Amino acid sequence: MSRKMLVDSPNAALDKSLLNRYLALPQPDDKIQAEYIWIDGTGEGIRSKTRTLNSIPNKPSDLPVWTYDGSSTYQAHGVNSEIFLCPVAVYKDPFRRNNNILVLCETYNFDHTPTASNKRIVCKEAMESGPVKKEEPWFGIEQEYTFLDVDGRPLGWPRNGFPGPQGPYYCGVGAERVTAREIVEAHYRACLYAGVPICGTNAEVMPSQWEYQVGPSLGIRAGDDLWLSRFILHRIAEEYGVVVSLDPKPVEGGWNGAGAHTNFSTKSMRAEGGLAEIERAIERMSKRHAEHIRAYDPREGKDNERRLIGACETSSIDKFSSGVADRTASVRIPRAVAEEKKGYLEDRRPSSNCDPYAVTNALVRTCILNE
């Protein structure tokens, strides 16, 4: 990627090769670095900090509970600022490697109640209920995002004007169609190393926009995997001096927005004749459209108002719709699913900056628990 594409980015100016001499230093056998990762008070920002451990944990509960200053993350007041970090998922660290780890955490207030941004706790309750566990819900989430320069403009776009119309960029190949493939490839390999079940990636319809897919993940793991994949993406882009935006409509007008299409199936849907169960689930979803819209972005639908406009391959935010192979519908039944009469559905309404815990929670509560 040409440095000329970047605007005064201090991260891009640093010589990254110098770090290698320090990472090559022998690491003591009885010391590992654990990067604790959590969601801040915005419901979409990711924070992290590191501590040294004296042994390798076998499970999240082996890790110590930690705290941080919630007054600096929009989660507490300075007079009572400590928020608890409770480890819930562990992944291999693709940045430090060796035995070092990434630790995804839930956040709790001083009185041990979940913080407002801890959507995982409610999702986990649903996922661990008898009916949901019996149905073994699988999720595959398609995370769309946009690369921005440090000035907020999509990376590689002309300084004065716009690129050519949409059409040649989707799954594009070539310097005139694709921007920052290096970051995409680095992210893909880092996710595989970490243990995130990333299953694909492609350039998207708007130039400088990309997508990757995570899954299939079972139950609560879907949210864990997506949040961790986002952390890795932001960290890699940071090294290149590039900003990753999850804004659902980063450029106004006739440019495509960004979503987090969520593919969902149950054991009954995957069984022979499962199409009938898929149709029953869609019927239930149609009756909970307003509730789902509120759950599908951090601002209770306000971000999706800019994206779900009934154009640019989206449905209308005000009307629920479904159809086979219909990418303008709220919920799409893939053509292969309709022909095989079993499989999964795709909910196209979640925004790119959604909390996957809120999305997967809404789906299982509506489609399985019928709440």
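The values are calculated or read from the model by the stated rules, or taken from the named source; none is laboratory data. Every value quoted in this text rests on a predicted model; they were computed, and no experiment measured them. Cβ placement follows ideal geometry from the backbone for every residue including glycine, while neighbour counts extend to all protein chains displayed. The protein model used for the area step is the full one, side chains on, heavy atoms only, and it has no ligands, DNA or RNA in it. Shrake-Rupley method; radii C 1.70, N 1.55, O 1.52, S 1.80 Å.
Checking the condition surrounded by fewer than 19 Cβ atoms within 10 Å (Cβ to Cβ), assigned by the TED database to the domain that holds E252, of a type in the set (A, V, I, L, M) and touching a helix residue (DSSP H, G or I) at 6+ places or on another chain (Cβ under 9 Å), which residue from V150, V132 passes?
One residue alone meets the criteria, V150.
Among the listed residues A180, A203, A222, which satisfies the condition of being at pLDDT 95 or above and within 25 Å of I39 (Cα to Cα)?
Values: A180 fails: within 25 Å of I39 (Cα to Cα); A203 fails: within 25 Å of I39 (Cα to Cα).
Step by step, each of A180, A203, A222 is checked, and only A222 is at pLDDT 95 or above and within 25 Å of I39 (Cα to Cα).
Evaluate the following for F95: is it assigned to a loop (DSSP other than H, G, I, E, B) and either surrounded by 10 or more Cβ atoms within 10 Å (Cβ to Cβ) or touching a His at 6+ places or on another chain (Cβ under 9 Å) (or both)?
For F95, the condition - assigned to a loop (DSSP other than H, G, I, E, B) and either surrounded by 10 or more Cβ atoms within 10 Å (Cβ to Cβ) or touching a His at 6+ places or on another chain (Cβ under 9 Å) (or both) - is met.
How many residues does region 181-206 contain that are open to solvent by 10 Å² or more (accessible area, probe 1.4 Å), part of a loop (DSSP other than H, G, I, E, B) and farther than 30 Å from K133 by Cα?
Adding up the residues that qualify gives 2.
Show me the strands (runs of 3 or more DSSP E) entirely contained within region 1-80 in which 3 or more residues are of a type in the set (A, V, I, L, M, F, W, C).
In region 1-80, the matching strands (runs of 3 or more DSSP E) lie at 32-39.
Condition (residue is of a type in the set (A, V, I, L, M) and surrounded by fewer than 19 Cβ atoms within 10 Å (Cβ to Cβ)) applied to region 298-311: is it met by at least one residue?
yes
Considering every residue within region 315-329, establish whether at least one is part of a helix (DSSP H, G or I), open to solvent by 60 Å² or more (accessible area, probe 1.4 Å) and either touching a Pro at 6+ places or on another chain (Cβ under 9 Å) or not aromatic (F, W, Y) (or both).
No, region 315-329 has no match at all.
For region 330-371, what are the residues that are touching a Pro at 6+ places or on another chain (Cβ under 8 Å), polar (S, T, N, Q) and assigned to a loop (DSSP other than H, G, I, E, B)?
Of everything in region 330-371, those that are touching a Pro at 6+ places or on another chain (Cβ under 8 Å), polar (S, T, N, Q) and assigned to a loop (DSSP other than H, G, I, E, B) turn out to be S352, N353.
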